[in-house]
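Encoded as structure tokens, the structure appears first; notes follow it.
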Amino acid sequence: MPIKDSAKKSLRVSKRKKLVNDRRKKTLRDTSKKVEKDIKADKKIAAQSLSAAYKAIDKAAKRGIIKKNTASRKKSKLARMVNKA
């Protein structure tokens, strides 16, 4: 456990940031999975959920949760899946 006040504060801040980052990662995974599920059901719905996935991926990249090239790769993969369907 931290002893100094600054270390205690740092621990509190890092816990808060972890919650936010975990929430954004979960959104990223959920929207990607929804696109994959919607491809099997209906292509029009998949195109709409693709834009939501793009938004989640871009936000995660902007906040530094995933790297820029990883975001590009994920978006490209999802777009290929939707276009193939």
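The values are calculated or read from the model by the stated rules, or taken from the named source; none is laboratory data. The shown structure was predicted, so the numbers you read here are calculated from the model rather than taken from an experiment. Because the Cβ atoms are built from the backbone with ideal geometry, glycine has one as well, and the counts that use them run over all protein chains shown.
A Cβ distance below 7 Å, combined with a sequence gap of six or more or placement on separate chains, defines the contacts here; from the stretch 41-64, residues that are over 22 Å from residue 84 (Cβ atoms) and free of Cβ contacts under 8 Å to residues at least 40 places away in the same chain reach residues that are surrounded by 15 or more Cβ atoms within 10 Å (Cβ to Cβ) and not aliphatic (A, V, I, L, M) in the pairs 59/24; 60/24. Can you name the residue in the stretch 49-60 that is small (Gly, Ala, Ser) and surrounded by 14 or more Cβ atoms within 10 Å (Cβ to Cβ) and is also nearest to residue 2 (Cα to Cα) among such residues? Filtering first and then ranking leaves 60. Residues that are among the small types (Gly, Ala, Ser) and surrounded by fewer than 17 Cβ atoms within 10 Å (Cβ to Cβ) were ranked within the stretch 61-83; the one that is nearest to residue 37 (Cα to Cα) is 79. For residue 31, the criteria (1) loosely packed, with under 15 Cβ neighbours inside 10 Å; (2) within 16 Å of the chain's Cα centre (by Cα) hold in every case but one, which is (1). Within this structure, residue 19 passes the test of being free of Cβ contacts under 8 Å to residues at least 12 places away in the same chain and out of contact with any Asp or Glu (no Cβ under 6 Å at 6 or more places or on another chain).
Results for (1) surrounded by 12 or more Cβ atoms within 10 Å (Cβ to Cβ); (2) touching a Lys or Arg at 6+ places or on another chain (Cβ under 8 Å); (3) modelled with pLDDT of 95 or more, shown as yes or no for each residue.
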position	(1), (2), (3)
13	no, no, yes
18	no, no, yes
23	no, no, yes
26	no, no, yes
38	yes, no, no
44	no, no, no
47	yes, no, no
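Restricting 55, 40 to residues that are of a type outside the set (Phe, Trp, Tyr) and more than 10 Å from the chain's Cα centre (by Cα) narrows the list to 40.
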